[in-house]
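A quick write-up on the structure given underneath.
Just so it is clear, none of the values below were taken in a lab; they were calculated from the coordinates. Here the structure is a predicted model, which means the values were calculated and not measured. A quick note on method: Cβ atoms are made from the backbone with ideal geometry, for glycine too, and the neighbour counts reach across all protein chains shown.
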Amino acid sequence: MTAAERAAQYIVDTSCTRSKRVEAWPSGVGGYAVRGEGPYLITEDGRRLLDWLGSVGATPLGYGHPRIVEAVTKQVRDGAVFSFPHVLEGHVAEQLAAVIPCAEQFKFFKTGSESTSAAVAIARAATGRDRIIADPRSYHGWHDGFRIMAEQHPGVPHALDRLMPRWPESDDFADVHPDMWAHIAAVIIEPPRFRRVDRDWFLRIHETARAHGALVIHDNMIWGGRHRLAGADEYFQAQPDISCFGKAFGAGLSLAFVCGRRELMQHGWVASGTFSGDATALAACEAMLSVYCDEDVIAKLWGNGQAVISAIETAARRYNLDVEVVGYPPHFTLRFAENQRHHMSVFCQRMAARGILWHPAVTNASAAMSVQDILQTQQAVAESLDEVADDYGIDGDAYAEGVRVTT
């Protein structure tokens with residue numbers, strides 16, 4: 001029985017992560033991994049693909065970075081979870097506090113959904129209020145309080161809807177009625193991924209929320225360790241009350257955390273789990289921080305992403321394709337002016353045929369990619385967009401309707 005057959009029989013939706021499931025890719029692109037090597041993903045059927053999804057943003061250092069492997073291997077031998085908290089909890093928190101401006105205390109978790117849920121619980125406990133303003137265009141995790149904002153939210157009680165008032169149109173928080181602010185515990189912001197905003201955009205939201213006694217939470221799952229080490233907090237120089245991180249900080253292992261001012265974080269005692277503070281993930285985080293300290297990882301992510309964006313823009317002009325790159329070089333996507341699903345499906349298939357793994361919804365640059373890897377990608381981009389312009393048909397099926405990267 002193949003991995004696909006087993007998954008179809010035993011795994012809900014054929015994958016525990018929806019954006020990775022076979023249907024999230026056009027025919028022939030998706031599959032099942034057996035290992036990774038640097039920037040390459042090796043599949044069950046023997047393909048070796050240069051990975052531009054990067055484990056949905058969790059591996060900006062690539063697969064099997066020697067320092068991560070060394071740290072994790074040693075910790076696995078010593079143990080992962082214990083009857084006492086491990087010394088790495090305080091040690092890693094101290095190192096993170098040195099680079100995240102708002103961070104005075106921490107709580108570690110395994111997933112981003114846990115981190116954002118804990119942040120909301122902390123905000124409610126600290127303010128005595130119960131409502132949270134969140135942007136339904138963002139993704140803050142799969143827990144009920146956030147899923148209620150989705151168009152479809154089976155299994156979520158409709159009563160929760162009143163606890164999540166909608167983000168104001170045009171991002172203008174002056175539109176939020178003064179009577180409503182009396183019930184708002186916090187505004188949670190996922191920094192926009194695919195549209196540009198400036199520092200003033202953040203500061204206006206911060207100032208309005210705080211003027212009404214509400215807290216500000218940043219969801220830095222995507223931005224942290226990618227656009228800047230401390231994410232949007234550092235990039236925009238906009239300091240929230242509470243900040244959530246994950247993905248890159250585990251360097252391929254499962255780690256997330258919430259951090260913030262000491263007087264707020266004292267309310268974080270309610271969020272507790274057996275595997276929170278897993279020492280193997282903390283060892284990976286410590287090694288990841290040392291790599292970022294010794295190498296300019298952020299510059300590599302920006303440089304590698306920009307090199308490929310430039311190749312896309314050059315090819316689009318050459319072949320008279322109406323395609324736009326949106327986002328930032330470390331994390332971006334393509335938008336075709338017409339027939340997005342068709343054109344993107346063709347593009348992903350043609351890239352895969354040239355040994356490049358390209359997801360329909362998002363692209364994550366990797367610091368593990370060499371100059372040769374970038375040149376290979378640039379050439380594949382040019383040739384694949386040429387074939388899109390020539391209106392190559394899809395070989396099989398397009399990716400599923402509504403595919404976007406959450407997790």
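Return the loop-located trypsin sites (Lys or Arg not before Pro) in segment 46-137 (DSSP other than H, G, I, E, B) with at most 13 other Cβ atoms within 10 Å of their own Cβ; answer none if there are none.
The qualifying sites are Arg137.
In whole angstrom, note down how far apart the Cα centers of segment 164-202 and segment 213-273 are.
Segment 164-202 and segment 213-273 have Cα centres spaced 18 Å from each other.
What does the charge count around Asp198 come to, taking other residues whose C-beta lies under 13 Å from its C-beta (Lys +1, Arg +1, Asp -1, Glu -1)?
Taking every Cβ under 13 Å from that of Asp198, the sum is +2.
Kindly put Trp167, Trp269, Trp223 in sequence by how many other C-beta atoms sit within 10 Å of each C-beta, fewest to most.
Least crowded to most crowded, the residues run Trp269, Trp167, Trp223.
Amide H to amide H under 5 Å from Tyr32: which residues, 5+ apart in sequence or cross-chain, H placed 1.01 Å off N in plane?
Counting only residues 5 or more places away or on other chains, the set is Glu44, Asp45.
Compute the relative contact order of the chain as a whole-number percentage, counting only Cα pairs closer than 8 Å that sit 6 or more residues apart in sequence.
The value is 24 percent.
Using Cα atoms only, what is the angle between the long axis of helix 199-211 and the major principal axis of the chain, expressed in degrees (0 to 90) to the nearest 10?
Helix 199-211 and the main axis of the chain meet at about 30 degrees.
Within the set of other residues whose C-beta is less than 15 Å from the C-beta of Ser370, count the net charge using Lys and Arg as +1 and Asp and Glu as -1.
-2
Ranked highest first by the average count of other Cβ atoms within 10 Å around their residues, in what order do 299-306, 319-326, 96-103, 215-222 fall?
Taking the mean over residues of other Cβ atoms within 10 Å, the ranking is 215-222, 299-306, 96-103, 319-326.
Length gain on complete extension for the stretch Asn320 to His342, per 0.36 nm per residue less the alpha carbon to alpha carbon distance?
6.2 nm
For the chain, what is the percent of antiparallel DSSP beta bridges, rounded to the nearest 5?
60 percent
Pull out the extension gain between Ser15 and Val99, defined as 0.36 nm times the separation in residues minus the alpha carbon to alpha carbon distance; nm, one decimal.
Length difference between fully extended and current span is 26.7 nm.
Can you order the peptides 227-235, 309-317 by their average number of other Cβ atoms within 10 Å per residue, highest first?
Those peptides, ordered most packed to least, come out 227-235, 309-317.
Round to the nearest 10 and give me the degree value, 0 to 90, for the angle of helix 340-353's Cα axis relative to the longest principal axis of the chain.
70 degrees
Taking the Cβ-Cβ separation of Val270 and Leu163 as r and a Förster radius of 22 Å, what is the calculated FRET efficiency to the nearest 0.05?
0.85
Determine which residues of segment 19-41 fall in the zone a paramagnetic label at Thr73 would reach in this model, i.e. backbone nitrogen under 16 Å from the point 7 Å along Cα→Cβ.
Only 36-38 pass the distance filter.
Check the chain and count each lysine pair with an alpha-carbon distance under 21 angstrom, considering only pairs eight or more places apart or from different chains.
6
Expressed as a whole number of Å, what is the distance separating the alpha-carbon centroids of segment 28-96 and segment 100-152?
25 Å
How big is the antiparallel share of DSSP beta bridges in segment 66-294, given as a percent to the nearest 5?
Here the share of antiparallel DSSP bridges comes out near 40 percent.
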